[in-house]
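The values are calculated or read from the model by the stated rules, or taken from the named source; none is laboratory data. The shown structure was predicted, so the numbers you read here are calculated from the model rather than taken from an experiment. A quick note on method: Cβ atoms are made from the backbone with ideal geometry, for glycine too, and the neighbour counts reach across all protein chains shown.
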């Protein structure tokens, strides 16, 4: 099993494994270690120990040596240029018009690399900016985009509790915090109350979450019915830290606070009494209904009242629809009876009329013209009027057509 020492580059950063070689190192000693980015100044987090092979990720780098006074002086000298480098980089960012906010500038231990940390809402194309910064500072430039939590960790500050930020003082990794943790701890869901200086949920919400779940599991859930020293009731609230519950009594409706031990004792007593009665064969008596108030009794009377008779008065009476009036038909035209003459009643042989070709043609035309309007008028009459009586048929047969008037005159003259 390999022997390693724990090295931390920042006070609240992660701990990395390094090979101590033959150096005797103590916790808090400052050393120079070899990293992928070159030599770095770090601090020993724990002394040498043996670890498993599965805990080592990548190549195990060695500890070069202990840090000397000259190394510390050099590091302090480089830190003096951080503010100036940050100001000049801000000018370049403004010239290029990039949507980014600079947070911190940091030189490496040997001064061969200058790193700028910034925040942005979206991805930023800073390739041209890197070229300008490299020509300005004559060194290797590196730009890193960080999140709000990393920004708060680098800048530091004081949290709502009045202490130094956890991420700055001791928290190596960011815990996964959800809104459910705030609900489980009965915290107000107000962003200003459960958010830190970084604008995210407080990391300390995850510290006591497991304890809250364990203590809450021992309490009866909300909405469940429990037995109290004052009778049965419904649980409407919980106080996890004090192990108390708020119960609304069924008998009086009052809300009382009971300890978990009181509810447990009352439940055990009721259960013991029920078991004793069951052993004796006593059937439990159904509890009598509690005396209800006047308002509740009045409400029951109103709910039980039969409104069907009264509501029926508001409905319209069922009246059969009257038959539609019969259509008014025009009176049937009745022709007067024809006047019969003695000459017409006498049956005399009608003389044969001489054919007159000249008069036949106009007579036929007049007869056709007279019959056409008669046909159309008969078709336009309603169906009820079309029913003819025997007297009417006789009158129509006896009435000669208008076209035969000329022939009748000739016959009269001859007679």
Seminar exercise, completed: residue 29: passes all of (1) within 25 Å of residue 150 (Cα to Cα); (2) touching a residue at least 24 places away in the same chain (Cβ under 8 Å) but (1)
Exercise. When the residues of segment 208-257 are filtered to those that are without any contact (Cβ under 8 Å) to a residue 12 or more places away in the chain and assigned to a helix (DSSP H, G or I), which remaining residue is nearest to residue 270 (Cα to Cα)?
Worked result: 217
Exercise. Right, residue 74: at pLDDT below 90, under 22 Å from residue 34 (Cα atoms) and in a strand (DSSP E or B) or not?
Worked result: no
Seminar exercise, completed: The correct count of residues that are within 23 Å of the chain's Cα centre (by Cα) and surrounded by fewer than 13 Cβ atoms within 10 Å (Cβ to Cβ) in segment 178-192 is 8
Exercise. Among the residues of segment 187-196, is any closer than 24 Å to residue 15 by Cβ, touching a helix residue (DSSP H, G or I) at 6+ places or on another chain (Cβ under 8 Å) and touching a residue at least 12 places away in the same chain (Cβ under 8 Å)?
Worked result: yes
Exercise. Name the pairs: first residue in segment 138-160 and closer than 14 Å to residue 203 by Cα, second residue assigned to a helix (DSSP H, G or I) and modelled with pLDDT under 90, Cβ to Cβ under 6 Å, at least 6 apart or on different chains?
Worked result: 153/167; 153/168
Exercise. Picking from 267, 257, which residue would you name as being surrounded by 12 or more Cβ atoms within 10 Å (Cβ to Cβ), farther than 23 Å from residue 187 by Cα and in contact with a strand residue (DSSP E or B) (Cβ under 9 Å, 6 or more places away or on another chain)?
Worked result: 267
Exercise. Hey, does segment 56-70 have a residue that's within 17 Å of residue 107 (Cβ to Cβ), free of Cβ contacts under 8 Å to residues at least 24 places away in the same chain and surrounded by fewer than 13 Cβ atoms within 10 Å (Cβ to Cβ)?
Worked result: yes
